[in-house]
Amino acid sequence: MRGGVLLLVVLVATGASSSARADDAAVCSEAFDLAQTRRDEGKLLEARRLLRTCSRPGCSSTQQTLCSQWLADLEARIPSLVPSARDSSGAELIDVRVTMDGTEVARSINGRAIDVDPGLHSFVFERADGTRVTTRALAGERGKGKLVEVTFGRTPATPAAVVAPPVLAPPPPEQFPPPRPASDAPPAYTGGQLAVRTGVQFPFGSASGLPNDSMGNTFSWQVPFVLEAGWKFTPNWFVGLYGGLAFGGTAGAVSNTCSQNQASCLGAGAWFGLEVLYYFSPAQSMDPWLGYGIGYEQSSVALSNSSGNGGTVSDEGWQFGHFMAGLDFRLGRFIGIGPLIDLSLGQYSTQKETIDTMENGTDTQVGSGSAGITQKALHEWLLIGGRLVVFP
């Protein structure tokens, strides 16, 4: 057997991902980040609005889960105040306009509570005749339904004492996760994806059914370089093409023959095909995956001696399966890296040979041929290495 080099480049047009989905993802991510900042600043009302945005179905499952948890805790923390007004006889008044911190919160008093941010708030109560009474009220976290009451008709008009809220037990410690527990992981991704994998691969099985034609009697270990290109149609599913080259030495009987004839021998391989990958945790920092591929391969041995004479022997056939498993460490939106293992199962069906000689300083092919392999056998390549992913 002999192996020349079969070059293979696999290109896939990645195209632009849907602009609508990209916009939704950007809105979700911005709301997810800003909600935590506003919550920590005490701006609970704005934080609630942002958490409602990132907990909607259009956001990633991780964002929905965390935002929903944080929203439930935030609702309990938001205080509320109930405006109330009376005349000098103590009768309750309804036709009173109420503003808080310069913004109208009620055109008339209706007994409803007003959600507010924690802190001190200024109120102005105004009747239809222009009479006004001002007061201030302090809203504490988890204080619900605190009464803010004024009395019209006093001379001079002064606000009535604000009814103190009931004494509450200290609030329990915050139960939601620490800020940004999953923010180190970029959002789950759909769209074009590229990857390069390499490592060391080892041969097993037999090149054919002939005696002493084991793969280990021809090839030693090799270093492969594999390019993947395709599309993630959902955060979990990737479909694409792969192609690769591998280089190494010879072993066993072939290596001994090369040494006895003072020839230099090189083992090489090339393959291409279609693959499908499933990602189990596409929104997490560590994303395990499984894959399967099918394709075509060529394994070769190239020989040459000091006189310039040489030749190649190549076996070709289908790879019935690439069984792959790995773990991607998603370092950001654009890069991921991690270990992988890849076991390919194939069967050679054709053998090709060429013979070259050096004449007058020119490398000339003096013979070539090909034949079907009648006694077929299964062989395997086991790759152990790493994988670099663009857009993990």
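Here the label points at residue 89 and residue 200, each 7 Å from Cα along the C-beta direction, are separated by 9.9 nm in the simple model. Here the simple spin-label model places points 7 Å from the Cα toward Cβ, and for residue 320 and residue 114 these points are separated by 7.7 nm. Each of 251, 263, 290 was placed along the dipole of the stretch 191-390 (beta-carbon charges, centred on the mean Cα), and the one lying farthest toward the positive end is 290. A straight Cα-to-Cα reach below 16 Å connects residue 232 with the aspartates and glutamates 275, 287, 328, residues fewer than 8 places away in its own chain not being considered. Could you tell me the calculated FRET efficiency between residue 131 and residue 45, based on Cβ-Cβ distance and R0 = 30 angstrom, to the nearest 0.05? Efficiency, from the Cβ-Cβ distance: 0.50. As a calculated quantity, the FRET efficiency between residue 210 and residue 327 at R0 = 41 Å, using C-beta atoms, amounts to about 0.55. I'd like the distance between the alpha-carbon centres of the stretch 55-102 and the stretch 20-53, rounded to an integer number of Å. The stretch 55-102 and the stretch 20-53 have Cα centres separated by 18 Å. Among 307, 80, 314, the ranking by other beta carbons within 10 Å of each residue's beta carbon, starting with the fewest, stands as 307, 80, 314.
Does the stretch 191-390 come out rounded, prolate or oblate by the C-alpha gyration tensor, with a ≥ b ≥ c the root eigenvalues, rounded set by a/c under 1.5 and, if not, prolate when a/b is larger than b/c and oblate if not? Kindly include the intermediate steps, with their values, before the conclusion.
Working: a/c = 2.44, a/b = 2.12, b/c = 1.15.
Prolate, because a/c is 1.5 or more and a/b exceeds b/c.
Estimated from the Cβ-Cβ distance and a Förster radius of 22 angstrom, the FRET efficiency linking residue 257 and residue 377 is about 0.60.
Taking a point 7 angstrom from the Cα of residue 223 along the C-beta vector, which residues in the stretch 234-276 have backbone N less than 19 Å away? Hits in the stretch 234-276 for residue 223 at 19 Å: 244-251, 265-271.
Distance between the pseudo-spin-label points of residue 264 and residue 76 (7 Å out from Cα toward the beta carbon): 7.5 nm. Each other residue within a Cβ distance under 15 Å of residue 205 adds +1 if Lys or Arg and -1 if Asp or Glu, for a net charge of -3.
Only the coordinates and a few stated rules stand behind these numbers; no lab work does. Model, not experiment: these values are computed from the prediction. We place every Cβ from the backbone using ideal geometry, glycine too, and count neighbours over all the protein chains shown.
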